[in-house]
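The values are calculated or read from the model by the stated rules, or taken from the named source; none is laboratory data. Note that the structure is predicted; figures quoted are calculated from it, not measured. Because the Cβ atoms are built from the backbone with ideal geometry, glycine has one as well, and the counts that use them run over all protein chains shown. What goes into the accessible areas is simple: the full protein's heavy atoms, side chains included, and nothing from ligands, DNA or RNA. Shrake-Rupley method; radii C 1.70, N 1.55, O 1.52, S 1.80 Å.
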Amino acid sequence: MPVLENATDIHQHKLGFIRKYIFSTDHKIVGLQYFFTAFLMAIFGGLLSMLMRLQLGWPSHVWPGLAKLFPVGMNGGVMAPEFYLSLQTMHGTIMAIFVLTALFTGGFGNYLIPLQIGARDMAFPVLNMLSFWVYLLSCATILLAFFVEGGAPISGWTAYAPLSAVAEAGPGQGAGQTIWIIAIALFTVSSMMGVLNYITTILQARTKGMWMKRLPLNIWGMLSSSLISILVFPVLLGAGVLLLADRIAGTSFFVPGGLVLGDKLISHSGGHPLLWQHLFWFFGHPEVYIVIVPAMGIAAEILATFIRKPIFGYKIMAGCWIAIAGLSLIVWGHHMFVSGMNPLLGGVFALTTLLITIPSAILVLCWVVSLWGARIEFASPMLFALGFISLFVTGGLGGFFLGSAWTDIPLHNTYFVVGHFHLTMAVSPLFAAFAAVYYWFPRMFGRMMSERLARIHFWITITGAYAVFLTMHVLGIAGMIRHSYDPTQYDFLKHLQPLNVFVSYAAFALASAQLIFIFNFIWSLFRGPEAMKNPWKANTLEWTAPAPIPHGNWNGPLPTVHRWPYDYALTDAPDAYLPQNAPAGHVGRSASAIARGIE
Amino acid sequence: MNRQNSAGADHFGPIFGVFLVFLVVVSSWLFIQRRWWMPRVASVHGIDIDRVFLITLAISGALFIILQGSLAYLAFRYGNARSERPKYSVRPKLEKRFALIAGIIIFGIDVTLFALGDSNWFKAWGPPPADTPVVEVMAEQFAWNFRYAGPDGVFGTTDPTLISSTNPFGLDKTDPAAVDDILSINQLHLPEGKPIRLRIRSHDVIHSFFLPYQRIKQDAVPGMQIELWFIPSRAGQYDIACSQLCGLGHYRMRAQLTVEPQDAFETWLRLAGQS
């Protein structure tokens, strides 16, 4: 890696404020830019869901105050059905793509990859900067959809054609849907620039001695996630371009002939709606793993620090993530069991889908077994990492029902699905993200966050998350339909209303608890106690860089790595740890570690 | 402990353990109570869906209790100040063996569920008994239209260019076979205990034909004609719902299914044909 070594000299000269903090090529600044942008998008996306819960808890109730805020969508204080659906579409799109996908590899990945592998920066720093700016542009674009004629699209984050392909299909399906496609395309471009960089950096820019089998688990998660991204995002981009062509260039990729909307015969012919679903879910299901795998990596990394002993199953976990990355490409059909796809295909996808439970379950078991014989330290990052495991287990078990074509029939497109994917790909990753913030905050900003507030935040959040999303499973079993503006329209759903009210209250409590986090974050940024250099006594390289971390990460030569990152409990000292760069022959080189070939 | 900020956290292991036990108790109740549960099954294959569902629930419920329980126990046991210093131990062979055994157990569960599910799945998609009558379903924003072949047993030809708000199927009225076709909006009547084929279509966007009590859910896809069959086993009036986001009226795309004895069904059909 001679090129990056020489980069030290380039980084030494002084940069102005704009080059240093705005148009920066420093991976740390880019990472924080990603992080803060995703953070703001998350607040916005979360608020959308609060409005949805208002409608679901109290359908068609008059909220005079909200009429002033949304003169069109809540004219007279009652939410319009199309406004509800646009909230749903935008909540899903923003949270799944513009928050979670960006936050993990873009935010934490950017910040941590070079620091944890001992590199001065990303392999392509300018591309990295560009990736962020295109991401920011895509965020601005998706928000624009609210302000065009007809409002935001109403076709859900999956944008099934022909609803998404024909402007006549409903309000929001005109300019709003076109903007949605453009925003997704921009995000895709940004994501590809990003993940190409992460993969190259991890494979090419590791410091001396940082062999693949010495990579921190977090890096394995980032690598696996990036590999999935680079394989599936181009497909989404292609599908988006085709959909756009159907809308504005008169092509018919997804629109069949003989379509009649409101007495008007649509001129398209020859396309197939299922083609969109195949293309979308070929991206859409791996997308779940793009989010959850780096979240797992973060949780494993933090778990490894706070059990104060070597983590169980390091190589197994890395193997499981690579296996998930591979299997994730052949399971998308389980979203289409009742779509009209050939039943034979459904039967096969049921098998591939169930197979992906194997690496997932082995990962969970490795984490659980790691606690055996540990001395668990319940600092706030660890609380959230343990919460992650508990939530992921609960959410994952729902996959047994939905992965089998037979039991999917009554549950498909019900709140069982909503509860399931929120637990697995929304709430669990958010727990990993919270764990990451509490854990790396001292490294990022040189201060500690309030532990007391973090604990209050944890207990309300985990209780709220279970109250909301476990209850949704039961609503789904009872048949409550997704994307429904008013479930009380159906006789068989009327008796569920008390549960819906309960879920709404729980969701409000869950959202309010996030104010504690926001307050803690901002307050600690300025008033938090100054952090020690390595407050958690962790072994990974990011803690060996000077504070604050300079551009180029290490003054002088890059650290040399002598061991894997999980040599805890080698000596009798309490909290014994041995950083990866401590010279070989250091105290407590254990016989088993040598036998294993780690040192 | 001289780590920043973690002082006073020694009681968190027990608290976390108790929280998880509480979680297990409450969720077990949630999935055992029957006040908010599946609508009472009213089709022959639906009984098989419910059976496989309950087996899956038992297996995943057991895994839930085991995993959350282990987490609770380990947090309780190893999460307080009295725990002894952890031992350094890295045992790659043990790890591999562990992963292998865990993988085999999970694979066994997977194969069991897969076999249970797919055997029923393919049976349901198998051919219907001979002479099973057909009802056509045409979905549109935001209504369900039904068509019976009428006394001649033959459906009249249709043409998309003829589709309008008054002619949802685009029925070609010049075709002699079309004369006795019986059309019905948002009202589906079926004879009790008799197999029936549904031929599902849509002329605008994707909808999904959902019979919650009969455990039927099938997307209606424009450009496709999807056929399924089932046996409604219990007389009564049931909701028909749309379960695929189809536009602003998705939530009220509601129809009614009436399952009734053969003679009552024939009477209704005759009256519907006259109107």
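Side notes on the structure shown:
- Candidates A:PHE400, A:PHE378, A:PHE416, filtered to the one that is more than 8 Å from chain B (Cβ to nearest Cβ) and either open to solvent by less than 10 Å² (accessible area, probe 1.4 Å) or assigned to a helix (DSSP H, G or I) (or both): A:PHE416
- All positions within segment A:151-189 that are in a helix (DSSP H, G or I), open to solvent by less than 10 Å² (accessible area, probe 1.4 Å) and modelled with pLDDT under 95: A:ALA169
- A count restricted to segment A:38-80 and to residues that are on the phi > 0 side of the Ramachandran plot and either open to solvent by 30 Å² or more (accessible area, probe 1.4 Å) or of a type in the set (Phe, Trp, Tyr) (or both) stands at 2.
- Residue check, A:ALA478 open to solvent by 10 Å² or more (accessible area, probe 1.4 Å) and touching a residue at least 12 places away in the same chain (Cβ under 8 Å): no
- Check on A:ALA426, closer than 28 Å to A:ASN534 by Cα and part of a helix (DSSP H, G or I): no
- Matching residues, segment A:450-460, being open to solvent by less than 10 Å² (accessible area, probe 1.4 Å) and within 12 Å of chain B (Cβ to nearest Cβ): A:ALA454, A:PHE458
- Taken as a whole, the condition of being modelled with pLDDT under 95, under 29 Å from B:GLY108 (Cβ atoms) and out of contact with any strand residue (DSSP E or B) (no Cβ under 6 Å at 6 or more places or on another chain) does not apply to A:LEU386.
- Selection of segment A:342-352 for residues being crowded, with 20+ Cβ neighbours inside 10 Å and either of a type in the set (Val, Ile, Thr) or more than 8 Å from chain B (Cβ to nearest Cβ) (or both) yields only A:PHE349.
- Looking across segment B:127-141, the residues that are open to solvent by 20 Å² or more (accessible area, probe 1.4 Å) and farther than 18 Å from A:GLY258 by Cα come down to B:PRO127, B:PRO128, B:PRO129, B:ALA130, B:ASP131, B:PRO133, B:VAL134.
- Any hit, segment B:93-101, residues being within 7 Å of chain A (Cβ to nearest Cβ), assigned to a loop (DSSP other than H, G, I, E, B), over 30 Å from A:LEU261 (Cβ atoms) and touching a Gly at 6+ places or on another chain (Cβ under 9 Å): no
- Among residues of segment B:45-82 being touching a Gly at 6+ places or on another chain (Cβ under 8 Å) and not in a helix (DSSP H, G or I), the one that is farthest from the other protein chains (Cβ to nearest Cβ) is B:ASN80.
- Complete set of residues in segment A:384-397 that are closer than 17 Å to A:ILE311 by Cα and at the interface with another protein chain (Cβ under 9 Å from one of its Cβ atoms): A:LEU386, A:ILE389
- Residue identified as assigned to a loop (DSSP other than H, G, I, E, B), open to solvent by less than 10 Å² (accessible area, probe 1.4 Å) and touching a residue at least 12 places away in the same chain (Cβ under 8 Å) among A:ASN520, A:ASN500, A:ASN581, A:ASN553: A:ASN553
The rows are residues; the columns are (1) under 30 Å from B:VAL90 (Cβ atoms); (2) open to solvent by 10 Å² or more (accessible area, probe 1.4 Å); (3) assigned to a helix (DSSP H, G or I); (4) not aliphatic (A, V, I, L, M).
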site: A:GLY257; (1), (2), (3), (4): no, yes, no, yes
site: A:SER267; (1), (2), (3), (4): no, yes, no, yes
site: A:GLY270; (1), (2), (3), (4): no, yes, no, yes
site: A:HIS285; (1), (2), (3), (4): no, yes, yes, yes
site: A:ILE290; (1), (2), (3), (4): no, no, yes, no
site: A:VAL293; (1), (2), (3), (4): yes, no, yes, no
site: A:LEU303; (1), (2), (3), (4): yes, no, yes, no
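- Answer residue from segment A:14-37, given it is open to solvent by 40 Å² or more (accessible area, probe 1.4 Å) and hydrophobic (A, V, I, L, M, F, W, C) and is farthest from A:PHE469 (Cα to Cα) among those: A:LEU15
The rows are residues; the columns are (1) more than 13 Å from B:TRP144 (Cβ to Cβ); (2) not aliphatic (A, V, I, L, M).
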{"site": "B:ASN167", "(1), (2)": "yes, yes"}
{"site": "B:ILE185", "(1), (2)": "no, no"}
{"site": "B:LEU198", "(1), (2)": "no, no"}
{"site": "B:LYS217", "(1), (2)": "yes, yes"}
{"site": "B:ALA220", "(1), (2)": "no, no"}
{"site": "B:GLN225", "(1), (2)": "yes, yes"}
{"site": "B:TRP229", "(1), (2)": "yes, yes"}
{"site": "B:SER243", "(1), (2)": "no, yes"}
{"site": "B:LEU271", "(1), (2)": "yes, no"}
